[in-house]
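Undergrad: There's a structure below that I have some questions on.
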Amino acid sequence: MHELGIVKHVIKTLREVAEENSVTRIGSVTLEVGEVSGVITEQLVDCWNYFRERDELVRGAPLYIETLEAVTFCTACEKTYRTVDHGRICPFCGSGETYLLRGNEFCIKQIEAETAQEPAREE
Ligand SMILES: [Zn+2]
C-alpha cells in the first residue's frame, strides 16, 4: 500500500527533525497533498492513526492534511486551468499541449512540537 510507505517516511522524517531539535513528543503534523498526487488522504489518515498509537514520538498527535489545487498550463494559448475539471485538454483552445504546473506534490508543511511542561513551582 502506497499510503503506508508515505506514513513510514513521514514518521522517519519526524524522528530526524525531533532528534535535531531535542523534541521528545510531536504535537501535530500538517501535510500538503496535491490534488493529483495520487495519495488517498483517507488511507493516509488510517495509516497514521495506526502508527501513532505504536510510536512514542507521535502518540496521539493529529495529522492535518491540506489539499493543494492542481493547475495545468496550456502552451498553445498560455492559459492555466483546473486540472481536476478538464484533465489534459485545454478548455480554452482544445489543445492537448499542456503540462501540470502544480498539484502533484506531497510535503510536510508543518510540525508542531509538544514542548515539555515546566514543572510547577511553589510560590
Ligand atoms: Zn489552450
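Undergrad: Pick from the range 74-88 the residues that are free of Cβ contacts under 8 Å to residues at least 24 places away in the same chain and more than 9 Å from the ligand (Cβ to nearest atom): which of them is most open to solvent (accessible area, probe 1.4 Å)?
TA: Initial filter on the range 74-88 (free of Cβ contacts under 8 Å to residues at least 24 places away in the same chain): 76-82, 85-88.
Filter once more, keeping what is more than 9 Å from the ligand (Cβ to nearest atom): 80, 82, 85-88.
Values: T80: 73, R82: 79, D85: 96, H86: 88, G87: 30, R88: 191 Å².
Filtering first and then ranking leaves R88.
Undergrad: Among the residues in the range 72-85, are any in a loop (DSSP other than H, G, I, E, B) and under 30 Å from L4 (Cα atoms)?
TA: Here is the first cut: in the range 72-85, the ones in a loop (DSSP other than H, G, I, E, B) are 75-79.
Among the residues that remain, those that are also under 30 Å from L4 (Cα atoms) are: none.
No, the range 72-85 contains no residue that is in a loop (DSSP other than H, G, I, E, B) and under 30 Å from L4 (Cα atoms).
Undergrad: Go through S37, S28, S95 for me and flag whichever is in contact (Cβ under 8 Å) with a residue 12 or more places away in the chain, within 19 Å of E114 (Cα to Cα) and open to solvent by less than 60 Å² (accessible area, probe 1.4 Å).
TA: S28
Undergrad: Also: Which of the following residues is of a type in the set (S, T, N, Q) and either part of a strand (DSSP E or B) or within 16 Å of the ligand (Cβ to nearest atom) (or both): S37, S95? Before you say what the answer is, go through the steps one by one.
TA: Numbers: S37 fails: either part of a strand (DSSP E or B) or within 16 Å of the ligand (Cβ to nearest atom) (or both).
After applying the criteria, what remains is S95.
Undergrad: Restricting the range 43-71 to residues that are in a helix (DSSP H, G or I) and exposed (fewer than 14 other Cβ atoms within 10 Å of the Cβ), which is farthest from the ligand (Cβ to nearest atom)?
TA: E56
The values are calculated or read from the model by the stated rules, or taken from the named source; none is laboratory data. Keep in mind the model is a prediction, meaning the values are calculated, not measured. Cβ coordinates were reconstructed from backbone atoms using ideal geometry, including for glycine residues, and neighbour counts include every protein chain displayed. Just so you know, the surface numbers come from the protein's heavy atoms only, side chains and all, with ligands and any DNA or RNA stripped out. Shrake-Rupley method; radii C 1.70, N 1.55, O 1.52, S 1.80 Å.
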